[in-house]
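Please read through the structure below; I'll follow up with questions.
The values are calculated or read from the model by the stated rules, or taken from the named source; none is laboratory data. Computed from a predicted model, the values in this text were never measured in an experiment. Heads up, the Cβs are rebuilt from the backbone with ideal geometry, glycines too, and the neighbour counts pull from every protein chain shown.
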Amino acid sequence: MPHRANGSYVSNADALTAWTPIARDALRVTAETYHALLSADDLATQVQQFSGVATDQPAGFWIRKLLERVAIEAQRREEPPLAALCVLDSDDDAAAMERLLCYRAYASDLPADGGVPLRAPRTTLTVRREPRARAAAPRVREAAIPALREVTCPNCFMIVAVRETCSSCGAPLQVG
């Protein structure tokens, strides 16, 4: 769940709202360099760093929604499709043409002939697992960690950890 630096939670919708203008600006800066791209991880890092709203979820869970919002905002402003500058899983000729429109609008190093569309290089992530070493001693199970007690706040209806006041709204909690 998204949160601020002080630990207070932020809804997914509010986080996306905070991140959208920052993502748009980052993609706009990317468009200033011919054939430049911005990775999903780099975009995720920038929006979290500059907004003060972070999440522990990997970017793959929410970056598409963010790019959809950037695309809607670009269309509303009658700008080129800036979201195309962040390449995710696949790339095609249509996306390459959308990126070229961005470069033609903003790139200072665009060739005199107007440039050509270029498909993004395919990247493959390889995960290599090291074999596990066999332990000579038998495994000892750790003691079970007691479950976190939770209560529903009567004021904001959030489920929060048991304490004197709600961590979401500050209302007193009925602990029983």
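Does LEU88 satisfy the condition of being of a type outside the set (Val, Ile, Thr), surrounded by fewer than 17 Cβ atoms within 10 Å (Cβ to Cβ), at pLDDT below 90 and touching a Gly at 6+ places or on another chain (Cβ under 9 Å)?
Here the answer is yes, as LEU88 does meet what is asked.
Now, a different point. Is it the case that ALA83 is free of Cβ contacts under 8 Å to residues at least 24 places away in the same chain and crowded, with 19+ Cβ neighbours inside 10 Å? Lay out the reasoning, then the answer.
Details: free of Cβ contacts under 8 Å to residues at least 24 places away in the same chain: no; crowded, with 19+ Cβ neighbours inside 10 Å: yes.
Judged against the criteria, ALA83 is not a match.
Moving to a separate point now. Could you list, in sequence order, all residues of region 21-36 that are acidic (Asp, Glu) and in a helix (DSSP H, G or I)? Quick ask: steps written out before the conclusion?
If we filter region 21-36 for residues that are acidic (Asp, Glu), which is where we start, we get 25, 32.
Once the filter is applied, which keeps residues that are acidic (Asp, Glu) and in a helix (DSSP H, G or I), region 21-36 yields only ASP25.
Which one of GLN57, GLN48 is in contact with a strand residue (DSSP E or B) (Cβ under 7 Å, 6 or more places away or on another chain), surrounded by 10 or more Cβ atoms within 10 Å (Cβ to Cβ) and modelled with pLDDT of 85 or more?
None of the other options fit; the residue is GLN48.
Filter region 1-18 down to residues that are at pLDDT below 90, within 12 Å of the chain's Cα centre (by Cα) and surrounded by 14 or more Cβ atoms within 10 Å (Cβ to Cβ), then give me how many there are.
1
Which ones in region 152-176 are over 19 Å from SER11 (Cα atoms) and either touching a residue at least 24 places away in the same chain (Cβ under 8 Å) or under 28 Å from the mean Cα position of the chain (by Cα) (or both)?
Across region 152-176, the qualifying residue is only VAL175.
Further question: If a residue must be without any contact (Cβ under 8 Å) to a residue 40 or more places away in the chain and buried (at least 16 other Cβ atoms within 10 Å of the Cβ), how many such residues does region 19-41 contain?
Matching residues across region 19-41 total 2.
This table checks each residue for (1) in contact with a His (Cβ under 6 Å, 6 or more places away or on another chain); (2) within 23 Å of ASP109 (Cα to Cα); (3) in a loop (DSSP other than H, G, I, E, B).
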residue: LEU38; (1), (2), (3): no, yes, yes
residue: ASP42; (1), (2), (3): no, yes, no
residue: ASP56; (1), (2), (3): no, no, yes
residue: LEU66; (1), (2), (3): no, no, no
residue: GLN75; (1), (2), (3): no, no, no
residue: ALA83; (1), (2), (3): no, yes, no
residue: ASP89; (1), (2), (3): no, no, yes
residue: ALA94; (1), (2), (3): no, yes, no
